[in-house]
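This report refers to the structure that appears directly beneath it.
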Amino acid sequence: MSDKWEIYHAEIEGQTAFIYFDDGISGEIEQLDLPHLLKLQLAFHAPAGNGMAGEDELVALSAIEEEVASWAADTGAAYVGRVTVDGCRTYICYTAYDEEDAAAFAEHLSMQSGYEIGMKLQEESAKQTYWEALYPDPGERPQTSDMKVIKQLEAYNDNLNSPRRIDHFAYFDSRQQIEMFASWARRNGYLIDQMTTPNTEISQHMLVFHHDCRPLPEEISPFTLSVAANANRLGGEYAGWTTTAQAR
């Protein structure tokens, strides 16, 4: 278990899912001698309308996750992420445990937490669940940056439902690239604020542009995914967005 974890959201069978995963372990996960995939699943007692956990359950769920991470560290297993969708949460681990030992841990977790914990153990030496269910593809990667900004806003008790100006930043190697991207941005409703040429402080052409929306994951991410894809298509790089916190 590394100290580099990321979170993003995706759609699973028509439902919004939030995926929290160990990004730092990606370079070594296939070398881990842990042949079994262990999934531990629970249903929320009182899920919110969007299928996520309600505030009353956050403390209990945090304690469960700490217990799973502690168990993994103590037994040489690897806790690699969780998927939250449609009122359920699944913790994903790799372990050398057999069926009996895994069932005993799930029962212990159930008794300690007050949640009914379902358990599924199967052989998976190639670690494909990590790559297919947790690890984002290149097109989804900008969402991890979105979630970092949103978490910062939440720390300021931000009213995420309040529309506001969102400032975006992108970098390009040539004047032609930045002008082509700026043209695309204008056609898609963005307003151009600044177009900077390389100087002693910035080695590339920089474009600053903005639009208005609510900084909710499901609302901001379609914009950032589109911006990142088109910047990459033209040989540039999307560097993310900022906004001003608006307290509740």
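Details
- Qualifying residues in the range 13-41 (those that are of a type outside the set (Gly, Ala, Ser) and assigned to a loop (DSSP other than H, G, I, E, B)) - the one farthest from MET111 (Cα to Cα): GLU28
- The single residue among ILE220, ILE192 that is assigned to a strand (DSSP E or B) and outside the structural domain of ILE19 (by TED's automatic domain parsing) turns out to be ILE192.
- Selected residue [among the polar types (S, T, N, Q) and crowded, with 19+ Cβ neighbours inside 10 Å] from THR95, THR75: THR95
- Of all residue pairs spaced 6 or more apart or on separate chains, those with beta-carbon atoms under 7 Å, a first member in the range 182-199 that is of a type in the set (Ser, Thr, Tyr) and a second member that is surrounded by 12 or more Cβ atoms within 10 Å (Cβ to Cβ) are TYR190/PHE209; TYR190/HIS210; TYR190/HIS211; THR196/HIS205; THR196/MET206; THR197/HIS205.
- Test result for ILE64, buried (at least 21 other Cβ atoms within 10 Å of the Cβ), over 18 Å from GLU124 (Cβ atoms) and modelled with pLDDT of 95 or more: yes
- Considering residues of the range 195-232 that are charged (D, E, K, R) and modelled with pLDDT of 95 or more only, the residue farthest from SER145 (Cα to Cα): ASP212
- Residues of the range 151-180 that turn out to be outside any loop (DSSP other than H, G, I, E, B) and either of a type in the set (Lys, Arg) or under 18 Å from VAL227 (Cα atoms) (or both), as a count: 16
- Selection count, the range 175-195, where residues are polar (S, T, N, Q) and either surrounded by 15 or more Cβ atoms within 10 Å (Cβ to Cβ) or touching a His at 6+ places or on another chain (Cβ under 7 Å) (or both): 1
- Look at the range 225-248: where a residue is charged (D, E, K, R) and a partner is assigned to a helix (DSSP H, G or I), sitting 6+ places away or on another chain with Cβ atoms under 7 Å, you get GLU237/ALA231.
- Only one of the numbered conditions (1) under 12 Å from PRO35 (Cα atoms); (2) surrounded by fewer than 17 Cβ atoms within 10 Å (Cβ to Cβ) is violated by TRP131, and that is (1).
- Among the candidates THR84, THR75, the residue that is touching a residue at least 60 places away in the same chain (Cβ under 8 Å), over 20 Å from ALA126 (Cβ atoms) and of a type in the set (S, T, N, Q) is uniquely THR84.
- Flag for ILE117 being under 29 Å from ASN232 (Cβ atoms) and not hydroxyl-bearing (Ser, Thr, Tyr): no
- Flag if PHE44 is surrounded by 18 or more Cβ atoms within 10 Å (Cβ to Cβ) and either among the acidic types (Asp, Glu) or farther than 19 Å from TYR130 by Cα (or both): yes
- If you go through the range 9-24 and keep only what is over 16 Å from THR90 (Cβ atoms) and in contact with an Asp or Glu (Cβ under 7 Å, 6 or more places away or on another chain), you end up with ASP23, GLY24.
The values are calculated or read from the model by the stated rules, or taken from the named source; none is laboratory data. Just so we're clear, the structure is a prediction, and the values are computed from it rather than from any experiment. Here the Cβ is made from the backbone with ideal geometry for all residues, glycine too, and neighbour counts use every protein chain on show.
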